[in-house]
Structures are given as C-alpha cells and as structure tokens.
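Let me begin by presenting the structure, written as structure tokens, before commenting on it.
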Amino acid sequence: MATSALQYAALVLGGAGLVGTVAVTIMPQWRVSAFIGSNIVVFETIWEGLWMNCIRQANIRMQCKIYDSLLALSPDLQASRGLMCAAALLSFLAFMTAILGMKCTRCTGDDDKAKGHILLTAGIMFIITGLVVLIPVSWVANSIIRDFYNPIVDNGQKRELGEALYLGWTTALVLLAGGAIFCCASYGSEKSSSYRYSVPSHRTTPKSYHMGKKSPSVYSKSQYV
C-alpha cells in the first residue's frame, strides 16, 4: 500500500514537472526590463524569451515578435533553447515510462521486479530532466545578474529575473523530487517481489493419498520361508 502511494505521488510530481517544463520553454518572461536610473518609463515592459520578445504597454496592449533568426539571440539563450527542448522531450518520455511501471498498469504484466526496473529508469530520467532544466535557468539568471551590476552596460539594456526563471527553478526541484521518489518506489517493488512465494500447482487428493500408501502384501503366509 505504501509503495502504491509513493508511485502515485511521484507520478503527480512528474506530471507537474512535465507541464512546468513545457511552460518554461514557451514563456517569454525570461528577461524582464528593469526600471532603474533614467529608465523610468514604467508603462512599457519588455519581455525576452527563448522564442519571442514582447512589449506590454500599460497592462492593456501587448505585442510579441518571434525572433527572425537563432543568431539574433545571446549565446546563453541559444543554448537554453536547445536544452529546454531536450528537457521537454525527456520529461515526456520519463512520464510515459513511469506509467508503464505503475503497479496498476497491466500492459506490462504482473512482474513486480520488471516494473521496479522500469520505475528506476523513469526516476533516473526525471532526475536528469531536472538537472537539464536547472542548467539553462541558472545560466540565464547568472548572466542577468552579471549584466545588472556591470557599470559598463547601459541602464536601458539591463534586465531583471523574469517569472519563467522562478518557475524553472521550482520545476527542477519538482522533477528531482519525483525522480527520487520513483527510485525509492522501485526499490520497494523489488523488495516486495523477493518475499513472494509460489503456491503449489497441485493438491493432494484422496485418490493420490490412497495410491501413495503402501499396498498390502499379496503373498500368503505359506509362501514365506
């Protein structure tokens, strides 16, 4: 019962991590304009994402434009686009693998040991996905903070951390937690399968019991020497 609860909890975390990974990939709020110094035009907000940049004016009108070329992005955003696409694909594969290893799934049979190996694979995939999500999010955040405190960079070019980065850190933690729980659940499945015993295939019937008894001697007493 405890193993099933762990599996369901890990699957929920894995599903949330999958949704979060896709959301972080498509959100434009990776870099947000900073209102510092002479840059006090607060009614206009600039968002920069992996696929597009948006300009929001006075919370009423928003215009977005998709990047014309990949080379128009900074090196950190170029690498982040590839890593986040790989993370989205890997999280989907991990989620489907986890479903195949669930105890309630019948298409993979009733072998708990095999399902334990499947859950272990899914857990490792979720952990790798969490690390893959964590790398680009932290990389972009580091470049934003470095440019923010760089006196050479103009105030109009400085950016702040966007909502996508905070969601990315949360998603990475959820994926790591889901993967760790799946690894623990796989160990519990293998341990429970080792204690399973096989039921005898046949039972002793009265007929076999009488046949198994020693048959009485057919020799008469006069035939003994």
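General observations
- Just one of (1) crowded, with 21+ Cβ neighbours inside 10 Å; (2) touching a strand residue (DSSP E or B) at 6+ places or on another chain (Cβ under 6 Å) fails for E160. It is (1).
- Of the candidates S91, S143, the single residue that is in contact with a Phe, Trp or Tyr (Cβ under 9 Å, 6 or more places away or on another chain) and in a helix (DSSP H, G or I) is S91.
- Criterion (surrounded by 15 or more Cβ atoms within 10 Å (Cβ to Cβ), modelled with pLDDT under 90 and of a type in the set (S, T, N, Q)) met by exactly one of S91, S80, S33, S38: S33
- Exactly one residue among S74, S143 is modelled with pLDDT under 90, farther than 19 Å from T3 by Cα, surrounded by fewer than 20 Cβ atoms within 10 Å (Cβ to Cβ) and of a type in the set (S, T, N, Q), and that residue is S74.
- Qualifying positions in the stretch 120-140 - of a type in the set (A, V, I, L, M), open to solvent by less than 10 Å² (accessible area, probe 1.4 Å) and closer than 15 Å to L167 by Cα: V133, V137, V140
- For the stretch 169-184, the condition of being among the aromatic types (F, W, Y), in a helix (DSSP H, G or I) and at pLDDT below 90 holds for at least one residue.
- Any hit, the stretch 122-136, residues being more than 24 Å from V12 (Cβ to Cβ), β-branched (V, I, T) and modelled with pLDDT under 85: no
The values are calculated or read from the model by the stated rules, or taken from the named source; none is laboratory data. What you see is a predicted model, and the numbers here were worked out from it, not measured in a lab. Cβ atoms come from the backbone with ideal geometry, glycine included; neighbour counts cover every protein chain shown. Protein only, heavy atoms only, side chains kept; ligands, DNA and RNA dropped before computing areas. Shrake-Rupley method; radii C 1.70, N 1.55, O 1.52, S 1.80 Å.
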